[in-house]
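Here is the structure we will look at, set down as C-alpha cells.
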Amino acid sequence: MFYTYILWSQKGGRYYIGHKADMDERSCRYNSGMVTATRNKGPWEVKYIETFTTKQEANARELYIKKMKSRVYIERLVADH
C-alpha cells in the first residue's frame, strides 16, 4: 500500500504534502528532524491520509494537491477527512 498524506506543523502553522509506502517510519523521520524539508518546523501531525495500491497513484494525487496551490483546498480536505 502507498499513501498520500498531509502533515500539519504545530510550530510553523504550515502543511506538508507527500507520499510514501511506510507511514509509521516516515512520521518518525519527520519528527526526529531527519528530513531536510521539514527540519526545525515540527512537531508534525498527520492530518489527512489517502491509500492507494500503486506508487504512481499516490504520487499523482500528491502532485494534484500541490498543483492546486491553495491552502483553502488543503484545509477543506483535512476538514472533510
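Within segment 47-74, how many residues are over 11 Å from Thr4 (Cβ atoms) and in contact (Cβ under 8 Å) with a residue 40 or more places away in the chain?
5
May I ask you to list the residues in segment 25-81 that are of a type in the set (Gly, Ala, Ser), surrounded by 16 or more Cβ atoms within 10 Å (Cβ to Cβ) and at pLDDT below 90?
Selection gives Ser27, Gly42.
For the list (1) over 17 Å from His81 (Cβ atoms); (2) at pLDDT 80 or above; (3) surrounded by fewer than 18 Cβ atoms within 10 Å (Cβ to Cβ), I need the number of the one condition that Phe2 fails.
For Phe2, the failing item is (3).
The values are calculated or read from the model by the stated rules, or taken from the named source; none is laboratory data. Keep in mind that what you see is a predicted model, and the values were worked out from it rather than measured. Heads up, the Cβs are rebuilt from the backbone with ideal geometry, glycines too, and the neighbour counts pull from every protein chain shown.
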